[in-house]
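Working notes, beginning with the structure itself.
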Amino acid sequence: MEKAISLDKPMLRVSVAPHIQQKITTSHLMYNTLIALVPALLAGIYFFGFASLKLALICMATAVACEAGMKGVMGRKLTIINGSSLVLGLLFALICSPEVPWWTAVVGTAMAVILGSEIYGGLGNNPFNAVLVGWAVARISFTEQMTTWIMPEPLFGLEAGGYIEYPPLDVIRVDGVETLVDLPWLDLFIGNVPGTIGTVCVAAVLIGGIYLLARRIITWHIPVSFLASAWLFGLIFWLIDPEVYANPTIYLLSGWMVLGAFFLATDKGTVPVTAPGMIIFGIGCGLITMIIRYWGGFVDGVAFAILLMNALTPLLDRVRPRVYGRVKQVA
Amino acid sequence: MGLKTSFSGVSLPPQKVSNPAIEDAPLPKRVVLPLGQNGNRVCKPVVEVGEQVKTGQLIGQSDDFLVAPVHSSISGTITAIRPWFDLSGNEMLSVIVESDGNDSWLEEIRADEGFSDKEAAQLLTDLKAAGVVEIGPPSMPLHAKFATPEPSKEARFLVGIPQTKPVDTVIINGIDAEPGMAAKGAVLTKYSSEIADGIRILQKLIGSAQIVLAVNSNGSVSSPLSGELAGLSVQVFRGKDKYPLGLNPILIKCVTGREIPLPDGNEQDIGVAVVDAATLVHLVEAVRDLKPQVEKVVSISGAGITAVKNFRVRLGTLVQDLIEQQTGLKGEPVKVIAGGAMTGVALLSTDIPVSKETDALIFQTATEAKSFSPDACINCGLCVRHCPSRLLPNELSKYCEFSMFEEARARFLLHCIECGICAYVCPEKRPMLHLMRYGKRELSLA
Ligand code: SF4
Ligand code: SF4
């Protein structure tokens with residue numbers, strides 16, 4: 001039989017549908033997250049000086065170097081360009097005290113990249129939030145270095161908030177609720193208290209979180225259910241006994257709560273992707289955080305709450321709406 | 001009339017449409033007319049090489065209920081009957097007609113004999129004889145959609161159409177679903193009296209069924225059309241600007257609240273028939289003028305043509321001939337897509353003819369043409385957020401990638417409506433739709 005079409009003309013490109021693609025790429029997601037973290041970093045520099053910036057740069061450089069090394073060792077394509085290591089490094093720095101020595105930060109970040117992410121195959125394949133894995137290793141191995149605090153010293157403008165000497169959650173733990181009665185909530189909100197670089201200034205973290213929501217990098221499900229469930233749970237106990245349990249809003253404004261809800265609990269790949277799954281995940285994180293804060297062995301529960309819920313993620317992804325067309329077959 | 005349900009999906013970039021609404025493409029010098037629509041169901045040619053044919057003359061026919069007859073779209077001489085590539089790149093027996101330049105039509109056509117005194121059975125016979133094809137997917141002869149109870153039940157059983165419910169709702173799909181498509185909106189404006197006649201014919205064909213005209217949210221019903229529609233019992237459904245509202249499974253759900261039972265069901269199982277607005281015009285011409293389907297309104301865009309143009313093209317015109325008339329084309333197209341930008345098929349060569357299933361052609365230059373990447377999924381969840389079938393495309397794509405087809409079936413792979421959204425949104429640019437189709441094909445072969 002004759003050939004239907006002669007093959008000597010230049011051929012067209014043939015590919016599968018669709019023939020258009022959204023502009024969003026992985027780098028777009030990562031660099032937007034990086035942008036969203038800038039206010040928190042700036043606030044850290046403002047309250048704790050340029051040591052914060054130095055720590056952030058060290059962590060980011062370590063993360064990139066470790067990713068490159070691991071990708072080389074494992075013979076995989078280099079994906080530094082997508083910015084995920086920069087986000088990881090910066091997030092690690094933001095949850096460290098400004099007093100953390102550089103070598104501790106380097107070890108922690110390296111653990112985050114290597115143990116947290118790369119050995120599973122990198123971005124999106126790790127079951128646990130890589131930053132928190134690294135942090136947990138550092139926190140348990142170098143407890144003293146990781147829990148040394150300094151007083152905030154604003155670079156200009158504000159008076160240093162000298163009301164408490166350790167982060168508010170430590171104060172509640174050690175000295176009891178009544179110590180905090182007079183603490184100005186504004187100090188708590190703008191970060192004029194001791195604490196970790198990127199989490200003290202709730203205002204700055206919120207700006208970043210709202211930016212992420214507005215750019216649709218994350219959805220509202222996890223942050224809202226996380227914060228709301230923690231606050232409501234706190235409210236119940238505060239109503240029961242305000243002598244023992246602090247006002248739930250104080251819990252929301254202190255520690256890693258807001259950063260955790262917007263940045264750590266929305267980490268791609270380690271959290272559920274269905275809407276009901278995300279809401280259950282957020283509620284779980286909120287409740288476990290508060291339980292650890294009230295009765296647990298650690299002062300701030302955010303990290304372990306998220307790690308615990310990460311373990312449930314595959315299960316939570318089973319919670320999904322009914323798919324289209326799944327009806328009883330007509331006999 | 002509003003949405004009966006909400007669905008995920010995406011807002012695709014809006015497109016401009018050029019005016020005038022529909023132009024006539026010049027008469028081609030040669031046409032290649034494939035003798036079938038989908039795959040292996042093909043007509044037998046009833047003409048011979050060397051024969052003279054007139055426009056509208058029957059050239060291929062079949063006893064198969066699901067194969068539409070084929071007519072010559074120009075007048076001239078038959079120069080060959082041989083295999084030619086169809087849209088999907090498969091060979092299909094085709095009749096090649098060289099034009100004599102006169103475009104002389106068969107006498108019986110353009111009789112304008114009206115339809116008011118025709119019975120439903122006569123309407124169906126005329127419709128079948130005219131070879132009108134509903135574009136789908138799946139594409140099928142239009143008469144097959146309306147072959148409700150009367151003509152013998154076994155006959156339909158034998159041809160494999162499971163008619164489990166009589167049609168009670170007909171949806172006229174006037175929504176241009178995807179970028180690159182503009183034909184339906186243009187047809188609704190330009191052929192408003194035909195659309196109104198079409199609604200009258202549909203009412204005769206299927207008695208008491210409810211008729212719904214679905215239009216784009218922005219493409220409000222033009223004034224001539226709304227004038228024509230006054231006094232007809234038809235409901236107008238205005239969709240929202242969100243893909244894939246114009247795809248049949250989602251449109252049916254939004255208009256009637258019913259879902260097509262998947263994986264094996266089709267719209268007939270739930271008593272719905274969807275008719276493309278452009279096909280409706282062919283239906284009217286078929287029963288009113290006894291004119292067979294020899295044309296198709298095709299939207300053309302891309303490669304410098306920023307505002308979509310609509311042309312009335314003779315069937316069988318080669319894409320190459322259409323390219324040559326385009327003055328607005330910038331640069332050599334490297335990719336030519338038949339259909340919309342989301343679900344269309346990339347053609348293998350420009351020597352492929354326009355068929356009854358072609359409603360849009362998109363030309364892409366090297367900078368416009370996209371490609372996919374082999375990177376791993378980062379589990380960002382974007383595809384899950386947008387999948388209108390509420391599936392987990394990330395998981396399904398991984399199952400298909402690693403040949404775990406049964407697992408994919410258990411996670412409802414067969415409920416995927418192949419809208420392409422997962423591949424459109426994926427930040428890693430994974431070939432998601434390809435993986436879905438690959439998995440489905442492997443399962444169908446198993
Ligand atoms: S899985 Fe199927 S239905 Fe869902 S977005 Fe992808 S192509 Fe569309
Ligand atoms: S959109 Fe792409 S990268 Fe994101 S979850 Fe889906 S398949 Fe994975």
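Partner lysines whose Cα lies under 18 Å from the Cα of B:LYS330, excluding those fewer than 8 positions away in the same chain, are identified as B:LYS16, B:LYS309, B:LYS370. Just to confirm the filter: which trypsin sites (Lys or Arg not before Pro) across the range A:23-126 are DSSP coil and have at most 14 other Cβ within 10 angstrom of their Cβ? Loop-located and lightly packed - A:LYS23, A:ARG76, A:LYS77. The convex hull defined by the C-alpha atoms of the range B:30-99 has an orientation-averaged projected area of 4.1 nm². The mean count of C-beta atoms from other chains within 10 Å of the C-beta of residues in A:22-28, rounded to a whole number, is 5.
What part of the accessible area of the protein assembly as shown, given as a whole %, is carbon or sulfur when the probe is 1.4 angstrom?
After summing per-atom areas, the C and S share lands at 60 percent.
Reducing the range B:45-63 and the range B:87-105 to their Cα centroids gives an inter-centroid distance of 11 Å. Over every Cα atom in the range B:227-385, the radius of gyration and the widest Cα-Cα span, Dmax, amount to 19.1, 57 Å. Protein heavy-atom accessible surface, 1.4 Å probe, per residue over chain B: 37 Å².
Restricting the calculation to Cα atoms, every distinct pair contributes to the Kirkwood radius of chain A, found to be 21.2 Å.
Normalised by the number of residues in chain A, the mean separation of alpha-carbon contacts (under 8 Å, six or more apart) gives a relative contact order of 17 percent.
Using a/c under 1.5 as the rounded threshold, could you call chain B rounded, prolate or oblate? The axes a ≥ b ≥ c are square roots of the C-alpha gyration tensor eigenvalues, and prolate needs a/b larger than b/c, oblate otherwise.
Because its axes are fairly even, with a/c under 1.5, chain B counts as rounded.
For the range B:379-446, applying the loop criterion from DSSP together with a ceiling of 16 other beta carbons within 10 Å to the chymotrypsin sites (Phe, Trp or Tyr not before Pro) yields B:PHE402. In the range B:409-446, comparing the full protein assembly with the chain on its own, the residues that lose 30 Å² or more of accessible surface at a 1.4 Å probe are B:ARG411, B:PHE412, B:HIS415, B:TYR424, B:PRO427, B:LYS429, B:HIS434. Dipole check for chain B: with +1 at the C-beta of Lys and Arg, -1 at the C-beta of Asp and Glu, and the Cα centre as origin, the magnitude is about 1300 Debye.
Only the Cβ atoms of Lys and Arg (+1) and of Asp and Glu (-1) were treated as charged; on that basis the dipole of the protein assembly as shown about its Cα centre amounts to roughly 480 debye.
Kindly give the semi-axes, whole Å and largest first, of the ellipsoid equivalent to the protein assembly as shown, taking each as the square root of 5 times a Cα gyration tensor eigenvalue.
63, 27, 22
Computed from Cα atoms alone, the Kirkwood hydrodynamic radius reported for the range B:382-445 is 11.2 Å.
With the convex hull drawn around the C-alpha atoms of the range A:168-316, the volume per residue stands at 101 Å³. Taking both sides together, what accessible area is buried at the B/A interface, probe 1.4 Å, expressed in Å² and rounded to the nearest 100? Buried area (both sides, nearest 100 Å²): 5300 Å².
Taking every C-alpha pair closer than 8 Å and separated by at least 6 residues, the mean separation divided by the residue count of the range B:294-364 gives a relative contact order of 41 percent.
When you filter the chymotrypsin sites (Phe, Trp or Tyr not before Pro) in the range A:156-244 for DSSP loop state and at most 10 other Cβ atoms inside 10 Å of their Cβ, you are left with A:PHE156.
For the range B:341-353, the Karplus equation 6.51 cos²θ - 1.76 cosθ + 1.60, evaluated at θ = phi - 60°, returns couplings of 6, 8, 10, x, 9, 7, 7, 7, 7, 7, 8, 9, x Hz by residue, with Gly and Pro reported as x. Per-residue ellipticity at 222 nm, computed for chain B from helices alone with -39500 (n - 2.57) per DSSP H run of at least four residues, works out to -7500 deg cm²/dmol. Given the range B:294-364 reduced to its alpha-carbon atoms as identical point scatterers, what log10 I(q)/I(0) does the Debye formula return at q = 0.12, 0.16 Å⁻¹? With no solvent term, the Cα-only Debye profile gives -0.25, -0.45.
If the viscosity is 0.890 mPa s and the temperature 25 °C, what Stokes-Einstein diffusion coefficient in µm²/s follows for the range B:337-446 when Rh is the Kirkwood radius over Cα pairs? The diffusion coefficient I find is 163 µm²/s. Using a cutoff of 8 angstrom between alpha carbon atoms and counting only pairs six or more residues apart, the relative contact order for the range A:27-146 works out to 27 percent.
Beta bridges from DSSP with both residues in chain B: antiparallel share about 60 percent, rounded to the nearest 5. About its Cα centre, the dipole of the range A:168-316 is roughly 740 debye, where the only charges are +1 on Lys and Arg Cβ and -1 on Asp and Glu Cβ. Calculation over all alpha carbon pairs of the range A:1-116 in 10 angstrom steps from 0 returns a P(r) of 12, 32, 23, 12, 8, 7, 4, 2, 0 percent.
Think of the protein assembly as shown as having a plus end and a minus end, set by charges on the Cβ of Lys, Arg, Asp and Glu; of B:VAL42, B:GLY304, B:ILE109, B:VAL42 sits farthest toward the positive end of this dipole. Every Cα-Cα pair in the range A:65-191 was counted, and those over 16 Å apart are 68% of them.
The values are calculated or read from the model by the stated rules, or taken from the named source; none is laboratory data. Note that the structure is predicted; figures quoted are calculated from it, not measured. Here the Cβ is made from the backbone with ideal geometry for all residues, glycine too, and neighbour counts use every protein chain on show. Only protein heavy atoms, including side chains, enter the accessible area calculation; ligands, DNA and RNA are left aside. Shrake-Rupley method; radii C 1.70, N 1.55, O 1.52, S 1.80 Å.
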